[in-house]
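What follows is a set of notes on a single structure, which appears directly below.
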Amino acid sequence: MDLSGRFRERCAKATGPVWGRLLVLCCKLPRWWAGLNPRLRLGVVVFLLFLLLFELAVYLIPLPRAALEPPTSTLVFDREGRVLRAFTSPDGRWRIRTGLDQVSPLLQKYLIFYEDRWFYYHPGVNPVALIRALGQNLRAGRIISGGSTLTMQIARMMEPKPRTWRNKLIEMFRAIQLEHRFTKEELLTIYFNIAPYGGNIEGVAAAAWLYFGKEPDRLSPGEAALLTVLPNSPTQFRPDLAPERARQARDKVLKRLFAHGLITEAEYREALAEEIPTARREWPFRAPHFSQELVTRYPGEARIYTTLDRDLQVFLEDLLALEVEKLKAEGITNAAAVVLDNQTHQLLAAVGSAAFFNEQDQGQVNGYRAPRSPGSTLKPFVYALALEKGLITPAHYLEDVPVVYSGYSPVNYDATYSGLVSAQEALQRSLNVPAVNLLAALGGEALYELLKKAGFTTLTPVNHYGLPMVLGGCEVNLLELTNLYAALAGGGKLYPVQTRLDQSISPPQPLFSPGVAYVITEILTEVRRPDLPACWEFTTLPKVAWKTGTSYGHKDAWSIGYNPRYTVGVWVGNFSGAGRAGLNGAEKAAPLLFTIFTHLNSNTTVSWFTPPATVKKRTVCAVSGQTPGPFCSPLRTDYYLTDCSPDVECTIHQTYLLDPATGYRLPPHYYSGARITEERVYLQYPPRVAAWLEANGHPVEKLPPLLPEWQKLLPGGAPVVRSPSPDYVYQIRRGIPLEYQKICLEAAAGNEVQRLYWFINGEFFGHSQPGERLFYVPQPGRHRVVCQDDRGRSTEVMLEISD
């Protein structure tokens, strides 16, 4: 190949087929080119330069992409594809982004036939149509036809301008640009998304929903015909304002379709008989808080398919509205509720308030996401942690007596104490003191760490909470708290809440063993509970594991419950934070909980949880809940976990040898041929419990004194100092006499102890009985405090006082 041949080949490859062929032609005809008339040669050059500049303009002048891809409206659907709520686009339009595959093939066929039959063949401009339109306009003396292709119509929608010849040329140029940048299918998609359909309706999806209440892929022939012609004159043919003109325009399209064989006579007559919509359809307005939450979380999505069940959502919204209306007479103005599916971990219903548009009661606050004090609803999880650690079983005793932790002294809801209670009873009665004692035994951060592991988003750093956290001294939200209870229904595994059908399922977070979850569930399933109003009919209640809670000041009422299929959470209160005397979980939230479960169970048979292999039953001492000794009576049956439950013989029923002649207690294993001995069983309560029982008029059988010659030789348990606290700095307040700032000295001891002796900095201060209080006038500094019982056993604490 010669040099000129190689040059022509390279030119063809470098410049593309059109310009390459032109250059090759020029190379082949050098003599012809040289022999051309100079004026003709100049004309060819000018023409080629014009084409070159036009091509450059097509590619270099930018298209207004924002006009071709305007912001979308958003539709939020339930799990069955039913609309819950719709949101306009940011510019206030009803415009729902839609793919071509979501548009009815009928509408696509009708549109191309009626508006631009040569759409798939022209480069954006149809010269024949333009010439025909020019003739029509000249004969009429005004512009009556534009000869616009669909691409030119897109250009006009993209840049709306008055209809002039100059603007028509710009429109043609833009159409060619569009054809260079997009495929025919992409252009059709753009048209169906930005075409006007009357008022603030843009795009075929919004028109299909607002005029016909359906997606655009389900249009009938008559509906498709109306939407074909409506963009030609959206104001004149708008069906809700001019239904008769809309009918005439639609029928004109149908007539032409029938005349050209695109529809049968039966389809034609059926389409003519279809009613013209005379009003826009109203969008549903369900799950407003939930829908708003998802639109905020997923901006710019046209359709969000959620896990909600619209029927259940409507039931909950109506129920809460009705109940709150009754409660307003008591000054209680709002409620929230959620329902979770324990099998799919999907959110089935979520009500944020009783009335969304009630501004006076702050109805637009999302109650199931609002941080609130949980009251006692966190207690089951402290008991679960204690079960996991092997500290308790359901029947194991817990102390329910006054206690002080660094100046913090928890009090039960009714300001009374029980002395000794089982863990099961303490949880069912929702006692505060045993729960705080358990959290202290676990370590004050145990509950906080559990909630952080469970993904709670409302917590601040750990040093903000401490032991009061178990009584509601923190903030949680209803959805996260309900999902934490769902972990108990899920065998101790916490699954993220799924809110979208297309949401990927994350692996679960293990929180407890299946055995622990089962035991806690059995405790919470007890129907006859002190927190259940006596007026309730027990036989009508569905079987549910449940817990109530009331925050300090009666500001929040909670009730959370679950069965193997569902977990339900209910909150009742005021978004203003105002408390009400009658606002408590048992009376205000629990009735709603059981009404919801009754509705959920109406069409479902729910089998109960199956005990895991690690859960067994055993006989224990009814007083201590520990493995019974030979003298324990009565006995009871208790659950225990084979992998972690304690196996300790009863420490409360203790036997002692006595000398019948003198009444003295003898040392263990005492033997003397000269004395006759007697064995007797005594209840040896923990020191704090024994002291409280004695101080509150509950007789505690005292151990006889030890045989005198053994009193200084036999070791035993030292006194338990209840006050002062060694890990608390006492502050002397200025301006207040020290006489009114005395510090309490108090200790508990076993029931064999008669007297306690107090020493401060090595000097005797005074004596008292177990549980009796002495008072010390504070002096700044660190002081060594020693409490010694009458058997010589002592306990030492450091007392720090700051001025």
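The values are calculated or read from the model by the stated rules, or taken from the named source; none is laboratory data. Predicted model, so just to flag it, every value in this text is computed and none were measured. Cβ sites come from the backbone with ideal geometry, for glycine too, and all protein chains shown count toward neighbours. Calculation scope for accessible area: heavy atoms of the full protein, side chains included, ligands and nucleic acids excluded. Shrake-Rupley method; radii C 1.70, N 1.55, O 1.52, S 1.80 Å.
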Working only within region 60-110, note down all residues that are over 30 Å from Pro288 (Cα atoms) and without any contact (Cβ under 8 Å) to a residue 24 or more places away in the chain. Leu60, Pro62, Arg65, Pro105
Considering only residues of region 140-184 that are in a loop (DSSP other than H, G, I, E, B) and within 15 Å of Pro64 (Cβ to Cβ), which is modelled with the highest pLDDT? Phe182
Taking interchain pairs and intrachain pairs at least six residues apart, which have beta carbon atoms under 8 angstrom, with the first residue in region 237-257 and farther than 9 Å from Ile276 by Cβ and the second basic (Lys, Arg) and in a helix (DSSP H, G or I)? Phe237/Arg245
Might you let me know whether region 375-391 holds any residue that is closer than 21 Å to Phe575 by Cβ and in contact (Cβ under 8 Å) with a residue 24 or more places away in the chain? yes
Unmet requirement for Leu294, which otherwise passes all of (1) out of contact with any helix residue (DSSP H, G or I) (no Cβ under 7 Å at 6 or more places or on another chain); (2) open to solvent by 70 Å² or more (accessible area, probe 1.4 Å); (3) closer than 30 Å to Thr306 by Cα: (2)
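For every residue, the table says whether it meets (1) modelled with pLDDT of 80 or more; (2) more than 21 Å from Glu796 (Cα to Cα); (3) of a type in the set (S, T, N, Q); (4) not in a loop (DSSP other than H, G, I, E, B).
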{"position": "Val700", "(1), (2), (3), (4)": "yes, yes, no, no"}
{"position": "Gly717", "(1), (2), (3), (4)": "no, no, no, no"}
{"position": "Arg722", "(1), (2), (3), (4)": "yes, no, no, yes"}
{"position": "Tyr730", "(1), (2), (3), (4)": "yes, no, no, yes"}
{"position": "Trp758", "(1), (2), (3), (4)": "yes, no, no, yes"}
{"position": "Phe764", "(1), (2), (3), (4)": "no, no, no, yes"}
{"position": "His767", "(1), (2), (3), (4)": "yes, no, no, yes"}
{"position": "Phe775", "(1), (2), (3), (4)": "yes, no, no, yes"}
Glu746: without any contact (Cβ under 8 Å) to a residue 60 or more places away in the chain and among the charged types (D, E, K, R), yes or no? yes
Can you name every residue in region 543-578 that is open to solvent by 10 Å² or more (accessible area, probe 1.4 Å) and of a type in the set (A, V, I, L, M)? Ala578
Counting only residues that are open to solvent by 30 Å² or more (accessible area, probe 1.4 Å) and in contact with an Asp or Glu (Cβ under 9 Å, 6 or more places away or on another chain), give me the strands (runs of 3 or more DSSP E) lying completely in region 337-445 with at least 1 of them. 419-422
Would region 471-479 turn up any residue that is among the small types (Gly, Ala, Ser) and in a strand (DSSP E or B)? no
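Yes/no matrix, rows are residues, columns are (1) of a type outside the set (Val, Ile, Thr); (2) within 26 Å of Tyr518 (Cα to Cα):
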position	(1), (2)
Ala557	yes, yes
Gly561	yes, yes
Gly569	yes, yes
Gly577	yes, no
Gly582	yes, no
Ala589	yes, yes
Pro612	yes, yes
Thr655	no, no
For Thr460, work out the one condition from (1) open to solvent by 30 Å² or more (accessible area, probe 1.4 Å); (2) among the hydroxyl-bearing types (Ser, Thr, Tyr); (3) closer than 20 Å to Tyr518 by Cβ it doesn't fulfil. (3)
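If you scan region 626-649, which residues turn out to be of a type outside the set (Ser, Thr, Tyr) and surrounded by fewer than 20 Cβ atoms within 10 Å (Cβ to Cβ)?
In the first step, residues of region 626-649 are kept if they are of a type outside the set (Ser, Thr, Tyr); the result is 626, 628-632, 634-636, 638, 641, 643-644, 646-649.
If the condition is that a residue be of a type outside the set (Ser, Thr, Tyr) and surrounded by fewer than 20 Cβ atoms within 10 Å (Cβ to Cβ), then Gly629, Pro630, Phe631, Pro634, Leu635, Arg636, Asp643, Cys644, Pro646, Asp647, Val648, Glu649 are the ones that fit.
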Just to be sure before I move on: is Thr482 modelled with pLDDT of 95 or more and not basic (Lys, Arg) in the structure I sent? yes
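Considering only residues that are within 24 Å of Asn366 (Cα to Cα) and of a type in the set (A, V, I, L, M, F, W, C), which ones fall in region 455-470? If you could, list the steps in order and put the result at the bottom.
First, the residues of region 455-470 that are within 24 Å of Asn366 (Cα to Cα): 455-460, 469.
Within region 455-470, Phe456, Leu459, Met469 qualify.
Could you list, in sequence order, the residues of region 584-615 that are closer than 12 Å to Glu330 by Cβ and either over 23 Å from the mean Cα position of the chain (by Cα) or part of a loop (DSSP other than H, G, I, E, B) (or both)? Write out each step before concluding.
Restricting attention to region 584-615, the residues satisfying the condition of being closer than 12 Å to Glu330 by Cβ are 584, 587-588.
Asn584, Glu587 - these are the residues of region 584-615 that are closer than 12 Å to Glu330 by Cβ and either over 23 Å from the mean Cα position of the chain (by Cα) or part of a loop (DSSP other than H, G, I, E, B) (or both).
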Within region 650-668, track down each residue that is part of a loop (DSSP other than H, G, I, E, B), of a type outside the set (A, V, I, L, M, F, W, C) and open to solvent by less than 40 Å² (accessible area, probe 1.4 Å). Asp659, Gly663, Pro667
Looking at Ala581, is it open to solvent by 10 Å² or more (accessible area, probe 1.4 Å), assigned to a loop (DSSP other than H, G, I, E, B) and modelled with pLDDT under 95? yes
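Could you check how many residues of region 262-278 are open to solvent by 60 Å² or more (accessible area, probe 1.4 Å) and either of a type outside the set (Val, Ile, Thr) or under 20 Å from the mean Cα position of the chain (by Cα) (or both)? Before you say what the answer is, go through the steps one by one.
Kept after step one, since they are open to solvent by 60 Å² or more (accessible area, probe 1.4 Å), are these residues of region 262-278: 264-267, 269-270, 273, 275, 278.
Right, trim to either of a type outside the set (Val, Ile, Thr) or under 20 Å from the mean Cα position of the chain (by Cα) (or both) and you get 265-267, 269-270, 273, 275.
The qualifying residues number 7.
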Inter-residue pairs, beta-carbon under 6 Å, first farther than 14 Å from Val689 by Cα and in region 406-420, second open to solvent by 50 Å² or more (accessible area, probe 1.4 Å), 6+ apart: Ser406/Asp727; Ser406/Tyr728; Gly407/Tyr728
Looking only at residues in region 748-796 that are touching a strand residue (DSSP E or B) at 6+ places or on another chain (Cβ under 9 Å), open to solvent by 10 Å² or more (accessible area, probe 1.4 Å) and of a type in the set (Asp, Glu), which one is nearest to Gln731 (Cα to Cα)? Glu796
Among the listed residues Val470, Val497, Val527, identify the single one that is open to solvent by less than 10 Å² (accessible area, probe 1.4 Å) and either within 30 Å of Lys555 (Cβ to Cβ) or at pLDDT 90 or above (or both). Val470
Among the residues of region 225-232, are any over 16 Å from Val103 (Cα atoms) and either in contact (Cβ under 8 Å) with a residue 40 or more places away in the chain or open to solvent by 70 Å² or more (accessible area, probe 1.4 Å) (or both)? yes
